[in-house]
Amino acid sequence: MDLKAQVASLQEFYLVCVSAITKAFKKPYYTKETIEQMDYAGVGSFFIVVFVSLFIGMALSLQLSAELSSLGLKMYTGRVVGLAIIKEIGPVAIAISFTGRVGAGIASELGSMKLGHQIDILRVHGVDPIKKLVIPRVISAIVMLPILTLIGDAVSIIGGYYIAAFVSHQSGSFYWSQIKDIMNFETVTTGMVKPFIFGYLLACISCYAGLSTKGGAIGLRRSTTRAVVFSTITIIVMDFLLTKVLLYAFGKEV
Amino acid sequence: MIELQDIRLAYGKNVVFDGLNFAAEFHEKIAILGGSGIGKTTLLKLMLGLAVPDSGRVLIDGEDISEMSPERLRLARMKFSIVFQEGALFDSMNVKENIAFSLREYTDFSEEAIDKRVREIAGRLGIEHAIYLMPEELSGGMQRRVAIARSFATGKPKMMLYDEPTTGLDPLTAANICTLINELSMDGPPDKIGLVAVTHKVTDAVKIADRFIYLTNNITFDGNIREMTNTSDTELREFIGELFSRVCSKDI
């Protein structure tokens, strides 16, 4: 792709991102579509998130119990598991799982609509594809991803507790007191701001990838892959940037 | 009237149109002929502003569509209706919901009124028995009928645009679709509903159109059937086929 085409596609992506916010407050509102998307993205991802989170929590607790044990700090497993899950691993791992299921789904659905001229039909009927297709998906992602992250964090911590208490034979009540200790404004804010931003970005990237599909089945494969790869990279990079900003905002020294 | 003036469009190094000029009155019945991948569908998209040319202007009733507000463009597009190849039906909606789509978007009809209108159109197009089926359950011919029904739901357009209306259909179904297209084009008082059909099936084109355009990177032929069959353009003669050419000459 030449430079001109790259700049043009960057401009189109920027327009999708901005329109997803500015047009969301203008009529008509597609409430039914938004609820359908929330059901698909949120309810449909529930079991995947629970499953992934449970094993992440258990693996982390197992690893930390072993490492901290050698330092004589095994009793702090709960604290480290809690902080790592709530602030970093939970939001990132769940956003990446969400991308794999929902982001790929958005890109392939919109891509298929583009190739099948259904998006053209919307425009011919005077329906703005951004309002009817993009905004419900963006709203769905920015609402459902934080909720799923909250659920996933809880499941991970429970998984961590199971390993700490029943495998590593630590005090269960001390594990929970450690978790309670770290539950302050800073930890919760850090853990909850990230999924909002990840949800917005991955939905915009996936919608743009779908809407810019061209070239038949190969083009559809390319746009779905692009949606997942770019979303994953963006989530990881954005996690670093957000961590930096939030640490600064909360006045924490590194 | 729809006019395309000095249109240039390229995708990367692939030049689709270079200096294309085309004009049509809304009541005309036009077939655009040309080989696969030559830009026939793109031409329809240009007419509706669904594709944007690199240079040149598209005018609907003398007004440049690139300068129209979204609402103005929506109203201008309502003068047309397009039926894409394979129908482009919304596959998450059944036939009734597909036909009712624009009624739900742009009218405040009650559910009873929508149901009445859908049944009226579906009955007219012979698909009333299928209104609760999903698009995947329909044959190619039925899908196109539903697409036509959807395009007539909110009212009669001035001009219908058909993208390969008979491609992929058996000869009998293709003939039925041609008959339907002809019937619908007679159905627009006070003026007839015009049509632009892009196709590579010359035999179907002559059933529905009376003006023929042959497209390469530009329009290389524009005339009626007599002029087409007597053309000296070797490429067009090859495209329409010598046999067809002779048959038509005898008929004429």
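The values are calculated or read from the model by the stated rules, or taken from the named source; none is laboratory data. Quantities reported herein were computed from a predicted structural model and do not represent experimental measurements. Cβ: placed from backbone, ideal geometry, glycine included. Neighbour counts: every protein chain shown.
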May I ask you to say which residue of B:I131, B:I181 is more than 14 Å from chain A (Cβ to nearest Cβ) and under 13 Å from the mean Cα position of the chain (by Cα)? B:I181
The conditions are (1) within 14 Å of another protein chain (Cβ to nearest Cβ); (2) surrounded by 13 or more Cβ atoms within 10 Å (Cβ to Cβ), and B:R8 fails exactly one of them. Which is it? (1)
If you check every pair at least six apart or on different chains, which have Cβ atoms under 8 Å apart with a residue in the stretch B:154-165 that is modelled with pLDDT under 85 first and a residue that is outside any loop (DSSP other than H, G, I, E, B) and crowded, with 24+ Cβ neighbours inside 10 Å second? B:P157/B:S81; B:P157/B:S151
Those residues of the stretch B:93-119 which are under 17 Å from B:P157 (Cβ atoms) and acidic (D, E) amount to B:E105
Picked from the stretch A:111-122 (must be part of a helix (DSSP H, G or I), crowded, with 19+ Cβ neighbours inside 10 Å and not aliphatic (A, V, I, L, M)), the residue farthest from the other protein chains (Cβ to nearest Cβ) is A:G111
Among the residues of the stretch A:198-227, what is the count of those that are surrounded by fewer than 21 Cβ atoms within 10 Å (Cβ to Cβ) and under 18 Å from A:S140 (Cα atoms)? 1
With A:G57, A:G42, A:G126, A:G72 as the choices, which residue is modelled with pLDDT of 95 or more and small (G, A, S)? A:G57
Suppose we keep only residues that are more than 9 Å from chain A (Cβ to nearest Cβ) and not hydrophobic (A, V, I, L, M, F, W, C) within the stretch B:69-84. Which one would you say is farthest from B:P165 (Cα to Cα)? B:S69
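Can you name every one of the helices (runs of 4 or more DSSP H) wholly within the stretch B:1-109 that holds 1 or more residues which are at pLDDT below 85, farther than 28 Å from A:S108 by Cβ and of a type in the set (D, E)? Please lay out each step first, then the result.
Values: elements: B:40-48, B:70-77, B:95-106.
The helices (runs of 4 or more DSSP H) meeting that bar are B:70-77.
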Can you name the number of the only condition in (1) assigned to a helix (DSSP H, G or I); (2) over 16 Å from the mean Cα position of the chain (by Cα) that A:V237 fails? (2)
Among the candidates A:V143, A:V138, single out the residue that is out of contact with any Lys or Arg (no Cβ under 6 Å at 6 or more places or on another chain) and either outside any helix (DSSP H, G or I) or buried (at least 19 other Cβ atoms within 10 Å of the Cβ) (or both). A:V138
Looking at the stretch A:18-31, is at least one residue surrounded by 14 or more Cβ atoms within 10 Å (Cβ to Cβ), more than 11 Å from A:P136 (Cα to Cα) and among the aliphatic types (A, V, I, L, M)? no
Hey, could you check the stretch B:141-161 for residues that are within 14 Å of chain A (Cβ to nearest Cβ) and within 12 Å of B:E86 (Cβ to Cβ) and say which is surrounded by the most Cβ atoms within 10 Å (Cβ to Cβ)? B:R144
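Is there a residue being small (G, A, S) and either over 12 Å from the mean Cα position of the chain (by Cα) or closer than 20 Å to A:S9 by Cα (or both) anywhere in the stretch A:184-202? Step through it out loud before you land on a result.
Our first condition is that a residue be small (G, A, S); within the stretch A:184-202, this holds for A:191, A:199.
Subset that is either over 12 Å from the mean Cα position of the chain (by Cα) or closer than 20 Å to A:S9 by Cα (or both): none.
No, the stretch A:184-202 contains no residue that is small (G, A, S) and either over 12 Å from the mean Cα position of the chain (by Cα) or closer than 20 Å to A:S9 by Cα (or both).
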